[in-house]
Amino acid sequence: MITVGVGKTHIAQALGHLAVRQGAHVRFAKTSRILAELAGGHADRTWEKRIRELVRPDVLILDDFAMRQLTATQADDLYELVSERQGRSLIITSNRAPSDWYPLFPNPVVAESLLDRLINTSHQVTTNGPSYRPNKRPKNPVSKPDSTKIK
């Protein structure tokens with residue numbers, strides 16, 4: 001099941017906003033950005049510092065989780081992040097059902113370990129329905145008369 005445009009990100013941001021209003025430190029990011037940030041840490045040898053920064057918030061929101069196939073390094077980084085955050089709030093949005101996440105991981109052992117931590121310790125909210133985005137598209141403007149026609 002693929003759910004696009006049904007408000008997952010909006011709900012996650014609203015939960016994050018509520019947590020902030022109650023005094024929590026919240027970080028919101030696209031999962032791809034987090035993975036890029038951690039990849040940069042491998043490149044410049046600041047990975048430990050970067051992972052600590054991601055473990056620190058009371059609530060971490062990973063938007064658009066499992067959008068595409070992961071590399072072995074990305075899968076390992078996600079495993080480390082989720083493991084280090086054990087017991088801390090994590091909100092994940094995804095266009096795929098959790099059962100569809102497994103094939104995106106190159107190593108089945110890492111996939112099983114990571115997804116076991118996520119799926120079996122979580123509350124899952126499924127959103128379903130038509131996309132809200134078409135409602136936000138601008139309406140077609142009234143066609144203007146063609147000024148090049150000779151009358």
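The values are calculated or read from the model by the stated rules, or taken from the named source; none is laboratory data. Here the structure is a predicted model, which means the values were calculated and not measured. For neighbour counting, all protein chains shown are included, and Cβ atoms are generated from backbone atoms with ideal geometry for every residue, glycine included. Surface accessibility is based on the protein's heavy atoms, side chains included, excluding ligands, DNA and RNA. Shrake-Rupley method; radii C 1.70, N 1.55, O 1.52, S 1.80 Å.
Details
- When Arg33, Arg52 are checked against the criterion of being farther than 26 Å from Asn128 by Cβ, part of a helix (DSSP H, G or I) and over 11 Å from the mean Cα position of the chain (by Cα), Arg52 stands alone in meeting it.
Table: residues versus (1) open to solvent by less than 70 Å² (accessible area, probe 1.4 Å); (2) under 16 Å from Leu118 (Cα atoms).
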residue: His25; (1), (2): no, no
residue: Ser32; (1), (2): yes, no
residue: Gly40; (1), (2): yes, no
residue: Ile51; (1), (2): yes, no
residue: Arg56; (1), (2): no, no
residue: Pro103; (1), (2): no, yes
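- Among the residues of this structure, Leu70 counts as one that is part of a loop (DSSP other than H, G, I, E, B) and open to solvent by less than 50 Å² (accessible area, probe 1.4 Å).
- Scanning region 80-103 for residues that are of a type in the set (S, T, N, Q) and part of a loop (DSSP other than H, G, I, E, B) gives Gln86, Asn95.
- Restricting attention to region 65-122 and to residues that are of a type in the set (Gly, Ala, Ser) and touching a residue at least 60 places away in the same chain (Cβ under 8 Å), the residue that is farthest from His25 (Cα to Cα) turns out to be Ala97.
- Residue that is surrounded by 15 or more Cβ atoms within 10 Å (Cβ to Cβ) and not in a helix (DSSP H, G or I), where the choices are Asp63, Asp77: Asp63
- Residue list for region 105-117, restricted to those being open to solvent by 20 Å² or more (accessible area, probe 1.4 Å) and assigned to a helix (DSSP H, G or I): Pro108, Val109, Val110, Glu112, Ser113, Asp116, Arg117
- Of all residues making up region 13-23, the number that are open to solvent by less than 40 Å² (accessible area, probe 1.4 Å) and touching a Phe, Trp or Tyr at 6+ places or on another chain (Cβ under 7 Å): 1
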